[in-house]
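Worksheet: the structure to be examined is printed underneath.
The values are calculated or read from the model by the stated rules, or taken from the named source; none is laboratory data. What you are looking at is a predicted structure, and each value in this text was computed from that prediction instead of being measured. Don't worry about glycine lacking a Cβ; one is built from the backbone with ideal geometry, like all the others, and counts go over all protein chains shown.
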Amino acid sequence: MHPVGYKYGWRYTHVLAGRTGGMDEFDNVRVERTDRIATVTVDRPAVRNAMDVPTRRELRAVFDALEERDEARVVVLRGAGENSFVSGADIETLNEMTLMDGMEYAEKHAQGLYNRIASFPRPTIAAIDGYALGGGLELALACDLRVSTPDAKLGLPEVTLGVIPGGGGTQRLQAVVGAGVARELVLTGKVIDAETAADVGLLNHVFDPESFDDEVRALAEEIASNAPVAVKLAKAGMNRGLDHEAGLDFERLAFAATVATDDKDEGTAAFLENREPSFGGH
């Protein structure tokens, strides 16, 4: 993992027109709008775009503003730097969480954010170049389509930290790849490569690195060229068929419960200390 610089040299704007017509500035999220396509980039390359609470708030504000302006027909979601889409949550923050912290975090900043993106009325594409782990994969699962470069790595390794996916991962992964594959990935915490992810249906396409930008753009343009109202209603109809409400409620409570365990303390400490955890089941 070497998240330094911008691999593709895309030009990002640092502002997005806000709800009042002014310009809202963001520290950790960048937005570029070209014609009918908006590109939203999580911009914390020094930490492989791990999302802390301020970043999650900014990302939600961006999607709120995009919906209110209703100009972009497709939104592409990316991560800044090399070898990372979004590497997951901030482990130091997770390490310090209590039960009540876990409840609030899951409701407002994990499920709250990803549910917002999943319900966004326009099509969304997660363009994954590198690591999409934990909350990063949950972010990608909240999008309608997922594409990647061949070196992408995807997984939900939360159980190796003593917690469970708390941002919709237990529900959306099953909807995308089926129960058998989803259970293996969640219960083992394993990380898979792009080829395997495409084989199980987690990725729609794996594009060559040299043409990745062009391929993502072409896919977004293909969607954007269709009738906007029809596309919007087609997405809404498909979302109606995926009622995750009961499962998401349980996941949120279960995530908070695991946050309060000794195993979470051990798992996150082991991660931060770069050692193998020793779980006691408490």
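List every residue pair whose Cβ atoms sit under 7 Å apart, with the two residues 6 or more apart in sequence or on different chains, where the first one lies in the range 199-227 and is under 23 Å from G136 (Cβ atoms) and the second, anywhere, is aromatic (F, W, Y) and modelled with pLDDT under 95.
Qualifying pairs under 7 Å: D213/Y8.
Please find, within the range 59-78, the residue that is surrounded by the most Cβ atoms within 10 Å (Cβ to Cβ) out of those that are part of a helix (DSSP H, G or I) and of a type in the set (K, R).
R60
Considering only residues that are at pLDDT below 80 and in a loop (DSSP other than H, G, I, E, B), look in the range 84-94 and name the one that is farthest from the chain's Cα centre (by Cα).
The selected residue is D90.
If you take the residues in the range 109-167 that are hydroxyl-bearing (S, T, Y) and in a helix (DSSP H, G or I), which one is surrounded by the most Cβ atoms within 10 Å (Cβ to Cβ)?
Y114
Can you tell me which residue is farthest from Y114 (Cα to Cα) among those in the range 83-101 that are buried (at least 18 other Cβ atoms within 10 Å of the Cβ) and not aliphatic (A, V, I, L, M)?
Selected residue: N83.
Just to be sure I understand the filter: pairs with C-beta atoms under 7 Å, separated by 6 or more residues or on different chains, first member in the range 128-140 and of a type in the set (D, E, K, R), second member at pLDDT 95 or above and assigned to a helix (DSSP H, G or I). Which pairs pass?
What qualifies is D129/F212.
Going by what's in this entry, would G189 be described as more than 17 Å from L77 (Cβ to Cβ) and touching a Pro at 6+ places or on another chain (Cβ under 9 Å)?
yes
Table: residues versus (1) more than 22 Å from the chain's Cα centre (by Cα); (2) not hydrophobic (A, V, I, L, M, F, W, C).
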site: H205; (1), (2): no, yes
site: F212; (1), (2): no, no
site: E222; (1), (2): yes, yes
site: A236; (1), (2): no, no
site: F250; (1), (2): no, no
site: L253; (1), (2): no, no
site: D262; (1), (2): yes, yes
site: F279; (1), (2): yes, no
site: H282; (1), (2): yes, yes
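Do we find a residue being within 30 Å of A260 (Cβ to Cβ), of a type in the set (K, R) and under 16 Å from the mean Cα position of the chain (by Cα) anywhere in the range 171-180?
yes
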